[in-house]
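The values are calculated or read from the model by the stated rules, or taken from the named source; none is laboratory data. Everything numeric in this text was worked out from a predicted model, so none of it was measured. With ideal geometry, Cβ positions are generated from the backbone for all residues, glycine too; neighbour counts draw on all protein chains shown.
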Amino acid sequence: MDDVKRPDWWCYPVACRRGHPWGPGLVSVSWTPCGCAGGDGHLRVHCREQGCRETWYKPPHEPGTEVIGYPPPVRGA
Ligand SMILES: [Zn+2]
Ligand SMILES: [Zn+2]
């Protein structure tokens, strides 16, 4: 089933929540600034399976705390 070879340092999930195996070359790893989790941002691991949008955050992301663009959107103008 899951015959993906992972190095000893692999510290990410072994599969996305939709069941696609994760390993070197199977994910995109990036960094995203964010206001939650102390404000330092997250390591972001994105599933590269076509059509899959599963993303994993470390430390865990709190939904609703996405970075607000600058300048902030003006409401009721
Ligand atoms: Zn996936
Ligand atoms: Zn966050």
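Report every pair of residues separated by at least 6 positions or lying on different chains whose Cβ atoms are under 9 Å apart, first residue within the stretch 9-25 and among the hydroxyl-bearing types (Ser, Thr, Tyr), second not in a strand (DSSP E or B).
TYR12/ARG6; TYR12/TRP22; TYR12/GLY23
Somewhere in the stretch 15-23, is a residue within 16 Å of ligand 2 (Cβ to nearest atom) and out of contact with any helix residue (DSSP H, G or I) (no Cβ under 8 Å at 6 or more places or on another chain)?
No: the stretch 15-23 contains no residue that is within 16 Å of ligand 2 (Cβ to nearest atom) and out of contact with any helix residue (DSSP H, G or I) (no Cβ under 8 Å at 6 or more places or on another chain).
Give me a count of the residues in the stretch 14-23 that are in a strand (DSSP E or B) and more than 14 Å from the chain's Cα centre (by Cα).
1
If CYS36 satisfies all but one of (1) buried (at least 17 other Cβ atoms within 10 Å of the Cβ); (2) at pLDDT 95 or above; (3) in contact with a Gly (Cβ under 9 Å, 6 or more places away or on another chain), what's the number of the condition it fails?
Result: CYS36 fails condition (2) only.
Taking the stretch 21-33 as the region of interest, how many residues are buried (at least 16 other Cβ atoms within 10 Å of the Cβ) and not aliphatic (A, V, I, L, M)?
Total meeting the criteria: 3.
Being more than 23 Å from GLY64 (Cα to Cα) and among the β-branched types (Val, Ile, Thr) is the filter here; which residues of the stretch 1-52 pass it?
Scanning the stretch 1-52 gives VAL4, VAL14, VAL27.
Any residue at all in the stretch 45-66 that's small (Gly, Ala, Ser), more than 11 Å from ligand 2 (Cβ to nearest atom) and modelled with pLDDT of 90 or more?
yes
Could you check the stretch 24-47 and list, in sequence order, the residues that are in contact with a Ser or Thr (Cβ under 7 Å, 6 or more places away or on another chain) and either on the phi > 0 side of the Ramachandran plot or assigned to a loop (DSSP other than H, G, I, E, B) (or both)?
CYS34, GLY35, CYS36, GLY41 - these are the residues of the stretch 24-47 that are in contact with a Ser or Thr (Cβ under 7 Å, 6 or more places away or on another chain) and either on the phi > 0 side of the Ramachandran plot or assigned to a loop (DSSP other than H, G, I, E, B) (or both).
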